[in-house]
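**Q** Structure below; questions to follow.
The values are calculated or read from the model by the stated rules, or taken from the named source; none is laboratory data. Given the structure is predicted, the values throughout are model-derived calculations rather than measurements. Heads up, the Cβs are rebuilt from the backbone with ideal geometry, glycines too, and the neighbour counts pull from every protein chain shown. Note: areas computed on protein heavy atoms with side chains; ligands, DNA, RNA excluded. Shrake-Rupley method; radii C 1.70, N 1.55, O 1.52, S 1.80 Å.
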Amino acid sequence: ALGDWAAALHAVDQAEVLLDVTGLELLRPLVHWTAAQVAALRGEDAEAERHLRLAAVEHAYTVMAVPLLLARAHVAEARSDYGAVVRHLTPLVLRSPRGGLDEPGFWPWHDVYANALAVTNRLDEADAFLRPLEAAAREQGHRSAGVRLGQVRGRLLGARGDLDGAEAAFAQARALLAPLPLPFDAARVDFAHG
């Protein structure tokens, strides 16, 4: 999120050693999610696939399932396979009990899923999915969640031909982002707006 991918990968390398020593399988998907995403964004497909394999677990604990599915979705998104993004994240939409899955900013999957819906022209689904999340982010004053959801809202409005609404959504996302040290999110806003 801070844009220091080298340090993130260094932390992953250290965590991999600790995982092997401690056997804390509960954390394996969480560690490899970061590495899979960074590798995919760098175009390092073999490394992204390696981390996806290492993240794979058979347990259904939320703390394990969410990062594994996010890792798969991020790799698919980097490949512009938005249908796969929707497939990978649909289990989170259907998951019950919710157990904090929809808490603004805690698990950052909502914008990835909604963006994939918008890009695959499932605009009404994206809109319905976004509305309660946007309300929760506003109510709780969660700026980074507001930024992420706002860039999807801008893309959605643009796809519907509401260019004024799209411009307003992107402007709001940038205003929320201004005091935050999140260059990756800034790049996502700029990319969606562009």
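**Q** Can you quote the Å³ per residue value for the convex hull of the Cα atoms in the range 40-113, rounded to an integer? Could you put the intermediate results ahead of the total?
**A** Numbers: hull volume 6.3 nm³, N = 74.
Dividing the Cα hull volume of the range 40-113 by its residue count gives 85 Å³.
**Q** Sketch the reach of a paramagnetic label on residue 180 as a point 7 Å from Cα along Cα-to-Cβ, and name the residues of the range 125-161 whose backbone nitrogen lies under 15 Å away.
**A** Hits in the range 125-161 for residue 180 at 15 Å: 133-154.
**Q** Run the dipole for the range 52-150 about the Cα centre, Lys and Arg Cβ at +1, Asp and Glu Cβ at -1, nothing else charged, and hand back the magnitude in debye, nearest 20.
**A** I would put it at about 200 debye.
**Q** Heavy atoms of the protein only, probe of 1.4 Å, neighbouring chains included. What is the accessible area of residue 74 in Å², nearest 10?
**A** Counting only protein heavy atoms, residue 74 exposes about 20 Å² to solvent.
**Q** Of the trypsin sites (Lys or Arg not before Pro) in the range 21-63, which ones lie in a loop per DSSP and count no more than 14 other C-beta atoms within 10 Å?
**A** Working: sites: 42, 50, 53; in loops: 42.
Here the sparse-neighbourhood loop sites are 42.
**Q** At a 1.4 Å probe radius, which order do 124, 111, 162 fall into by accessible area, largest first? Each step should come with its number before you reach the end.
**A** On the way: 124 115, 111 10, 162 65 Å².
Output order, biggest surface exposure first: 124, 162, 111.
**Q** Please give the per residue accessible area of the chain, computed with a probe of 1.4 Å over protein heavy atoms only, in Å². Before the final figure, lay out the partial values.
**A** On the way: 9720 Å² over 194 residues.
With the other protein chains kept in place, the chain gives 50 Å² per residue.
**Q** Between 187, 157, 66, whose Cα lies farthest towards the positive end of the dipole of the chain when Lys and Arg beta carbons carry +1 and Asp and Glu beta carbons carry -1, centred on the Cα centre?
**A** Among 187, 157, 66, the one farthest towards the positive end of the dipole of the chain is 157.
**Q** Round to a whole number: what % of the accessible area of the chain belongs to carbon and sulfur, probe 1.4 Å? List each step's numbers first, then the result.
**A** Details: 5560 of 9720 Å².
Percent of accessible area from carbon and sulfur atoms in the chain: 57.
**Q** Mind pulling the angle between the C-alpha long axis of helix 45-55 and the longest principal axis of the chain? Nearest 10 degrees, somewhere in 0 to 90.
**A** With both axes taken from Cα atoms, the answer is about 70 degrees.
**Q** Where does the chain land at 222 nm, in deg cm²/dmol rounded to the nearest 500, when only DSSP H runs of n ≥ 4 count, each adding -39500 (n - 2.57), divided by all residues?
**A** On the way: 10 runs with 144 residues, N = 194.
Mean residue ellipticity, 222 nm, calculated: -24000 deg cm²/dmol.
**Q** For the range 118-125, in order, what is each residue's ³J(HN,Hα) by Karplus, 6.51 cos²θ - 1.76 cosθ + 1.60 with θ = phi - 60°, in whole Hz (x at glycine and Pro)?
**A** 5, 5, 8, 6, 9, 5, 5, 5
**Q** Placing one identical point scatterer on every Cα of the range 83-161 and ignoring solvent, what is log10 I(q)/I(0) from the Debye formula at q = 0.15, 0.18, 0.23 Å⁻¹?
**A** Debye output, listed in q order: -0.47, -0.68, -1.10.
**Q** What list of whole percents do you get for P(r) of the chain, with Cα-Cα distances grouped in 5 Å bins up to the one holding the largest distance?
**A** 1, 8, 15, 20, 20, 17, 11, 5, 2, 1, 0
**Q** About the Cα centre, and with charges only on the beta carbon of Lys, Arg (+1) and Asp, Glu (-1), how big is the dipole of the chain? Nearest 20 debye, please.
**A** Numbers: 19 positive and 25 negative charges, 61 e Å.
My answer is approximately 300 debye.
**Q** Another question, if that's okay. Considering just Cα atoms, how many Å³ per residue does the convex hull of the range 118-190 enclose?
**A** Values: hull volume 5.5 nm³, N = 73.
So the per-residue Cα hull volume is 76 Å³.
**Q** At a threshold of 8 angstrom on Cα-Cα distance, excluding pairs fewer than six apart, so keeping six or more, what relative contact order does the range 74-194 reach in percent? Before the final figure, lay out each step's value.
**A** Values: 129 pairs, mean separation 24.7, N = 121.
For the range 74-194, the relative contact order is 20 percent.
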